[in-house]
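Asks: Below you'll find the structure I mean.
Coordinate-derived values only; no laboratory data. No experiment lies behind these values; they were computed from the predicted model shown. Ideal geometry is used to build each Cβ from the backbone, glycine not excepted, and the neighbour counts take in all protein chains shown.
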Amino acid sequence: MNLKGTLPTLILQVLLSGPAHGYRIAQDIKARSKGVLEFKEGTLYPALHELENQGLIRSEERTINGRVRREYRLTDEGHKVLVAERKEFRRMLRAVSAVLGESS
Amino acid sequence: MNHRTADPFDRWLEAATAGLCASAVARIRDEMRPHYEDAVDHLEPEGLARDEAEKIALQQLGDARKARRGFKRSNLTAVEHRKLAGLAKLPGLPFRLSGWSYAVLASPFLISLVLVAIVGAFSDDFQAFYIATFILAGLFSIPLILYTGLMPIALPIRYGRPRLGIAISVFFWTLCLSASIPMVLLKARGVSSGVLVPIYSLFLMLRMLVCDLILLRKLARIPTTELTKRPF
């Protein structure tokens, strides 16, 4: 399924559970969606950099399992945006369900 | 790094980071190399040979050109970095400025506006002004080419629209050059250079203004902390 436009929100949601590096974020999204949400991992990092530029996440380098990683964590601003995005997404989901004639 | 690089990941990275400044390339490489190695490490226990695992890991990264478009939206390019670095080296400027301050102070538009205004103020006849303006334009063409002159072309190319970049450049240069024609006609009708000065200045400045606006738009998305910690 195409993730266009929703990847930043999914990244924020994964980081709600705690700090993570890029590879773990990618695997987490795939695992949580049981493989339904597929995306090319090369597009993950531009999205991470953009979120960092917006101040929604911040990063620092750490050594994990002998490899230097850039680990990302959610900021307070990112948390606020995530709450708002989730609310908006649920509202849209209800509307789509109503149009499709399915009970939510 | 060159095109003969043996490592397929290096080739992917080279394509994905083409045109970015060195610090951005280093950051992306340091970040994505462990990602790629993790992916290969996870694929190998599934019974895949090393080269097969590498191939699949690369496929999972996707199209390098698509990644490059994303990276160029969120990181400084080499041209933009050079522009800011050149500014930071100017004597007497405070080193730590916000992205907006950098862009305004580095603005060829503002600097040129002042210079052309000076020329216009001291020029009583059209011919002297015309020559002086072209000398100024020539002088500015060097830093413009080095820093921002190529941006109207470079930006659309960066976003995968090369024809648009060329069209924009041709349009603005044509606009600047064609400004001479009505000026000559007006002069032939006896209009004073006092009227011609602002008309010509307007056309000359338009292209520079567009260059600056493009850079300003980009800088507005990059936080001050990111700009000031980069090794200019």
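Asks: Add +1 for every Lys or Arg and -1 for every Asp or Glu among the other residues with Cβ under 11 Å from the Cβ of A:Gln13, and state the total. Mind dumping the intermediate values first?
Replies: Numbers: positive: A:Arg32, A:Arg86; negative: A:Asp28, A:Glu85.
It works out to a net charge of 0.
Asks: Determine, for A:His21, B:His42, the number of other Cβ atoms within 10 Å of each Cβ, and report the residues in order from fewest to most. Working shown, then result.
Replies: Working: A:His21 22, B:His42 15.
In order of increasing Cβ crowding within 10 Å: B:His42, A:His21.
Asks: May I ask you to sort B:Leu43, A:Leu12 by Cβ crowding, counting other Cβ atoms within 10 Å and putting the fewest first?
Replies: Values: B:Leu43 19, A:Leu12 22.
Sorted ascending by nearby Cβ count, the order is B:Leu43, A:Leu12.
Asks: Can you sort B:Ile56, A:Ile11 from fewest to most other Cβ atoms within 10 Å of each residue's own Cβ? Show your work: numbers first, answer last.
Replies: Values: B:Ile56 15, A:Ile11 27.
Ranked by crowding around the Cβ, least crowded first: B:Ile56, A:Ile11.
Asks: What's the FRET efficiency of B:Asp51 with B:Asp10 using the Cβ-Cβ distance as r and R₀ = 22 Å, to the nearest 0.05? Working shown, then result.
Replies: On the way: r = 15 Å, r/R0 = 0.68.
Computed FRET efficiency for B:Asp51 and B:Asp10: 0.90.
Asks: Just tell me how shielded B:57-63 is by partners: mean number of partner chain Cβ atoms within 10 Å of each residue's Cβ, no decimals. Present the calculation step by step, with values, prior to reporting the outcome.
Replies: On the way: counts 1, 2, 2, 7, 6, 6, 3.
The shielding value for this peptide is 4.
Asks: Can I get the semi-axes of chain A's equivalent ellipsoid? Compute them from the C-alpha gyration tensor as square roots of 5 times the eigenvalues, in angstrom, largest first.
Replies: Details: eigenvalues 151, 51, 24 Å².
Working from the Cα gyration tensor, I get semi-axes of 27, 16, 11 Å.
Asks: How far is it, in nm, from the label point at B:Lys66 to the one at B:Arg29 when both lie 7 Å from their Cα along the line to the Cβ?
Replies: For B:Lys66 paired with B:Arg29, the spin-label model returns 2.5 nm.
Asks: Next question. Ignore the peptide's own chain and count Cβ atoms of other chains within 10 Å of each Cβ in A:29-42; give me the average, rounded. Intermediate results must be reported in sequence, preceding the final value.
Replies: Numbers: counts 0, 1, 0, 0, 0, 0, 0, 0, 0, 1, 2, 7, 11, 18.
Averaged over the peptide's residues, the number is 3.
Asks: Just to verify a number: FRET efficiency for B:Ala78 and A:Leu100, C-beta to C-beta distance, R0 = 41 Å, to 0.05? Write down the numbers at each step before the final one.
Replies: Values: r = 49 Å, r/R0 = 1.20.
After rounding, the FRET efficiency stands at 0.25.
Asks: Where the only charges are on Cβ atoms (+1 Lys, Arg; -1 Asp, Glu), what is the dipole of chain A about its Cα centre, to the nearest 20 debye?
Replies: Numbers: 18 positive and 13 negative charges, 55 e Å.
With only Lys, Arg, Asp and Glu charged at Cβ, the dipole is about 260 debye.
Asks: In degrees from 0 to 90, rounded to the nearest 10, what is the angle of the helix A:76-100 Cα long axis to the longest principal axis of chain A?
Replies: 30
Asks: Give the calculated FRET efficiency between A:Val83 and A:Ser17 to the nearest 0.05, with a Förster radius of 25 Å applied to their Cβ-Cβ distance. Intermediate results must be reported in sequence, preceding the final value.
Replies: Numbers: r = 15 Å, r/R0 = 0.60.
About 0.95, to the nearest 0.05.
Asks: Evaluate peptide A:51-60: per residue, the Cβ atoms of other protein chains within 10 Å of its Cβ; return the mean as an integer.
Replies: Working: counts 1, 5, 9, 3, 2, 0, 0, 1, 2, 0.
Counting other chains' Cβ atoms within 10 Å and averaging over A:51-60 gives 2.
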